[in-house]
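See below for the structure under consideration.
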Amino acid sequence: MTNAPSKTVSNSNGHTVTVRVDLGERSYDILIGENLLDNAGAVITEILRQPRVIVITDSNVASLHLPALETSLSKAGIETHSIILPAGEQTKDFAHLAGLLDQCLDARIARDTTLIALGGGVIGDITGFAAAIALRGIDFIQIPTTLLAQVDSSVGGKTGINTKHGKNLVGAFHQPALVLADVATLDTLPEREIRAGYGEVVKYGLINDAPFFNWLEKNGPALCNGEHAARIQAVETCCRAKAAIVAADEHESGQRALLNLGHTFGHAFEAESGYSDKLLHGEAVAIGMVMAFSLSGKLGLCNDEETARIAAHLKAVNLPASLSGIAEPSWTPARLLSHMSQDKKVLAGQLTFILARRIGEAFISRDVKPETVQSLLEEALAA
Ligand code: NAD
Ligand code: GLY
């Protein structure tokens, strides 16, 4: 499957691209463009059951983008109630979910009320989960405002929260009714968050789209530096790829697991960093993808030059490509392996790894021996 950008030249002129996620009666559109927030009311009103929404956002996004959305909804005659949650990963927990549900019920939501998630993956995940369980399920709309959320978390219906046992361990599959990805909202995103989201962009090239990886080698720096046309093209390509995978395997019984390339390693690094600002999710995934290709090389599946090419590209956009300068002295292969064994992708006691034959040819493997992983981690920690 090739998802290389080919037909979005007019995007820089304000053109909006639509990607359909084909899931029968749960199908929905992803609209990608610039200035979508200002026109959100007119678009959203078309799909509402009642002209009434609850917007859920976080404290950072509220001051930057909530007024534009509220104005646009009001112009379209939509009654709006906004809820502002604290920014940060800590918000994705039971306490904030309970508080959010109470606030929604206090606002007298009904089965035909729609929730709108305005924010990054944290807001999208907790809002989606609240929508999945409030009144046994109501509609929700994603308006992702981080690059990570625009290319990954807002699409596909994985919703949930973290528990003391780990990330995203409680949740539900609940598809949004619409996704509005306005790349202009990314103009206010801190540069480090853009680069972390870019790690997930690179993932799509590595999984099944070598031409897209070639395109990123040329256009990645411009994308990271704020060029809207490059951002729209990349978000479209990633969303088309994700939409195809989700349509084929909504509940991750097969190929959807490919989207976890770099994540088994990445989650272990995030856990060892205490899910803190020391290592953002996309940064952990970037290192994890290099590790997944190194593992493939160690198993004789993939040429080491492919791994070096990926690492060079990540470094070119200031993403980490190794554990050097990241790992603390307390990190050990045993501790990292222990985090991996708590991953929800473990099946019948076997770790799941996404391996690759080359850039753009990834596959799922459940028969990698822990000793091989242990030795790779020893090398990575010693480097
Ligand atoms: P995030 O939601 O915490 O956003 C990162 C930071 O950017 C926050 O401080 C936020 O307030 C701020 N921010 C958001 N938009 C902004 C904007 N436009 N301008 C300025 N600041 C802005 O983090 P994230 O990286 O978007 O998402 C990470 C979360 O997504 C994790 O919880 C992860 O588990 C989840 N995730 C879910 C899926 C899925 O399929 N559901 C996939 C990948 C990741
Ligand atoms: N982010 C991985 C997935 O949606 O399956």
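What the table shows:
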item: Considering residues of the stretch 181-193 that are within 17 Å of SER276 (Cα to Cα) and touching a residue at least 40 places away in the same chain (Cβ under 8 Å) only, the residue farthest from ligand 2 (Cβ to nearest atom); result: ARG192
item: Unique match (being out of contact with any helix residue (DSSP H, G or I) (no Cβ under 8 Å at 6 or more places or on another chain) and open to solvent by less than 20 Å² (accessible area, probe 1.4 Å)) among ALA95, ALA131, ALA177; result: ALA131
item: Selected residue (only one of SER27, SER74 is among the small types (Gly, Ala, Ser), exposed (fewer than 13 other Cβ atoms within 10 Å of the Cβ) and either away from ligand 1 (no atom under 16 Å from the Cβ) or more than 15 Å from GLN142 (Cα to Cα) (or both)); result: SER74
item: Residues (more than 24 Å from ASN318 (Cβ to Cβ), polar (S, T, N, Q) and open to solvent by 10 Å² or more (accessible area, probe 1.4 Å)) located in the stretch 287-306; result: ASN303
item: Flag if GLN50 is more than 16 Å from ligand 1 (Cβ to nearest atom), more than 28 Å from GLN233 (Cα to Cα) and open to solvent by 50 Å² or more (accessible area, probe 1.4 Å); result: yes
item: Any chance GLY160 is open to solvent by 10 Å² or more (accessible area, probe 1.4 Å), over 17 Å from VAL21 (Cβ atoms), assigned to a strand (DSSP E or B) and modelled with pLDDT of 95 or more; result: no
item: The stretch 246-279, residues that are over 14 Å from the mean Cα position of the chain (by Cα) and either within 27 Å of GLY24 (Cα to Cα) or of a type in the set (A, V, I, L, M) (or both); result: ALA247, ALA248, ASP249, GLU250, HIS251, GLU252, SER253, GLY254, GLN255, ALA268, ALA271, LEU279
item: Residue check, HIS267 open to solvent by 30 Å² or more (accessible area, probe 1.4 Å), within 16 Å of ligand 1 (Cβ to nearest atom) and touching a His at 6+ places or on another chain (Cβ under 8 Å); result: yes
item: Within the stretch 261-283, considering residues that are polar (S, T, N, Q) and more than 16 Å from ligand 2 (Cβ to nearest atom), the one farthest from GLN350 (Cα to Cα); result: SER276
item: Selected residue [open to solvent by 60 Å² or more (accessible area, probe 1.4 Å), in contact (Cβ under 8 Å) with a residue 40 or more places away in the chain, closer than 19 Å to PHE212 by Cβ and not in a helix (DSSP H, G or I)] from ARG309, ARG357; result: ARG357
item: Total residues in the stretch 136-154, condition assigned to a loop (DSSP other than H, G, I, E, B), open to solvent by 10 Å² or more (accessible area, probe 1.4 Å) and more than 10 Å from ligand 1 (Cβ to nearest atom); result: 2
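Conditions (1) over 22 Å from GLY33 (Cβ atoms); (2) among the aromatic types (Phe, Trp, Tyr); (3) within 11 Å of ligand 1 (Cβ to nearest atom), marked per residue:
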position	(1), (2), (3)
LEU115	yes, no, no
ASP125	yes, no, yes
ALA134	yes, no, no
GLY156	no, no, yes
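Okay, residues lined up against (1) away from ligand 1 (no atom under 16 Å from the Cβ); (2) among the small types (Gly, Ala, Ser); (3) under 19 Å from the mean Cα position of the chain (by Cα):
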residue	(1), (2), (3)
PRO211	yes, no, no
GLU236	yes, no, yes
GLU283	no, no, yes
ALA308	yes, yes, no
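The values are calculated or read from the model by the stated rules, or taken from the named source; none is laboratory data. Small disclaimer: the values here were computed from a predicted structure and weren't measured. When we count neighbours, we look across all protein chains shown, and the Cβ atoms used for this are built from the backbone with ideal geometry, even at glycine. The area values use the complete protein model at the heavy-atom level, side chains included, leaving out ligands, DNA and RNA. Shrake-Rupley method; radii C 1.70, N 1.55, O 1.52, S 1.80 Å.
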